[in-house]
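Have a look at the structure that comes next, please.
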Amino acid sequence: MKTHIHDIDLAYTDEGQGIPLVFLHAFPLSKAMWAPQVEGLKSSHRVITLDLRGHGESDTRLWNFTLDDYAADVIGLLDHLNLSQAVCIGLSMGGYILFSLYRNYSDRIQAMILADTRAQADSEEGKAGRQAMAQVANKKRANAIANLMLPKLLALSTIQQHPNMVEQVREMILQAPSSGIISDLMAMAARPDSTDLLPMISCPTLIIVGENDVATPVAESQYMADRIQGSTMVKIPEAGHLSNFEQPENFNQALQSFLTQHSL
Ligand code: MLT
């Protein structure tokens, strides 16, 4: 399905009934990364996934957007679906967008799941890395970005044992136009630090991290868990950065028990 929000066509899926769960994908992927969660949760919840602007089947405009613009798209989708609140799940860049959502629209967030993400802004070195990657995206397109990103997204054991998963993730990356990838990189480099927000988070919060995540290591999740009051943290064995995709059963189980614990 598609809806027109802020001058772009935004693609989304909406399956099942019950408390809405809205899934925000990682850089530079698409809603397809949430396929195991749609399958696993649609019998108990209303499961909504969207392609962020410039990804999957959503289009974009060429500009230096901020992650607040991406968050505003999510709010536009909630408005379109007449949802006053939702449980939001963000993985990595999706988590950065979730911080923006909480900062600007906390009344719309019923609970949140921060997966394989971090609260800190980019370091100067990190920003320089984004700029270098943007040049690759501009000159060499998405396939070169896929080659750079795959070892960061998936655990070595996943790459060695599940070549089909590697290909599925590559396909998701190849769907993104260079403009979408470059917008993400500029928006992530410019994002504010969210560490000051952590003690102010008062909704139920679950933190999930793949034990072998190299992009946002376990220590980043522990940092958030230590500062978000009442939060729960779950480590997923044999998973890298894309913990939901690499170990869907464990990820879904962590999500289900959190939802049950909070009567969601
Ligand atoms: C992601 O998975 O969204 C990215 O690794 C986030 C980042 O580059 O900071």
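Each reported figure results from applying straightforward, stated rules to the coordinates on display, with no laboratory input. All of these numbers come straight from a predicted model, not from anything done at the bench. In this analysis, Cβ positions are derived from the backbone assuming ideal geometry, glycine residues included, and neighbour counts consider all displayed protein chains.
Tell me which lysines have Cα within less than 17 Å of LYS2's Cα, excluding those fewer than 8 residues away on the same chain?
Of all the lysines, those that pass the test against LYS2 - Cα under 17 Å, at least 8 places apart if same chain - are LYS31.
Using a Gaussian network model of the chain whose springs link C-alpha atoms within less than 10 Å, name the residue from GLU124, GLU249, GLU57 with the highest mean-square fluctuation.
GLU124
Residues in region 25-51 near a label at GLU249, defined as backbone nitrogen under 20 Å from the 7 Å Cα→Cβ point?
Output list for this probe position: 34-44.
Where does the charge balance sit around SER58 when Lys and Arg score +1, Asp and Glu -1, over other residues with C-beta under 14 Å from its C-beta?
So the environment of SER58 carries a net charge of -4.
Something else: Report the Stokes-Einstein translational diffusion coefficient (µm² s⁻¹, integer) for region 1-159, Rh taken as the Kirkwood radius over Cα pairs, at 37 °C with viscosity 0.692 mPa s. Working shown, then result.
Values: Rh = 16.5 Å.
Value of D from the Cα-based Kirkwood radius: 199 µm²/s.
With each pseudo-label sitting 7 Å past Cα toward Cβ, what's the ASP79-LEU264 distance in nm, one decimal?
2.4
Restricting to Cα atoms and excluding each atom paired with itself, what does the Kirkwood estimate give for region 1-83 in Å?
12.9
Taking only Cα atoms and a 10 Å spring cutoff, compute GNM fluctuations for the chain and point out the largest among LEU78, LEU114, LEU153.
In this elastic network of the chain, the residue with the biggest mean-square fluctuation among LEU78, LEU114, LEU153 is LEU78.
Hey, another quick one. Could you name the lysines whose alpha carbon sits less than 18 Å from that of LYS152, not counting residues in the same chain fewer than 8 places away?
Straight-distance partners of LYS152: LYS127, LYS235.
Moving on to the next point. Using only Cα atoms, what Kirkwood radius does region 111-264 have, in angstroms?
16.7
If one computes P(r) from the Cα atoms of region 74-137, what percent of pairs lie at distances over 17 Å?
Percent of Cα pairs beyond 17 Å in region 74-137: 51.
While we're on this one: Calculate the dipole size of the chain relative to its Cα centre from +1 charges on Lys and Arg beta carbons and -1 charges on Asp and Glu beta carbons; express the result in debye to the nearest 20.
Magnitude of the dipole: close to 260 debye.
Taking region 175-264 as the region of interest, what is the percent of Cα-Cα pairs per 5 angstrom bin, listed from the shortest bin to the one with the maximum distance?
Spelled out bin by bin, region 175-264 gives 3, 13, 17, 18, 20, 17, 9, 3, 0 percent.
Past the 16 angstrom mark, what percentage of all C-alpha to C-alpha distances in region 182-229 do you count?
The calculated P(r) of region 182-229 puts 53 percent of pairs beyond 16 Å.
Taking 8 Å as the Cα distance limit and 6 or more residues as the minimum spacing, I'd like the relative contact order of the chain as a percentage.
This gives 21 percent for the chain.
For region 39-111, I need the span (max minus min coordinate) of the C-alpha atoms along each principal axis, in Å, sorted largest to smallest.
Cα extents, longest axis first: 39, 27, 25 Å.
Going 7 Å from the Cα of GLN160 along its beta-carbon direction, which residues of region 201-243 have the amide nitrogen within less than 20 Å of the resulting point?
210-215, 236-243
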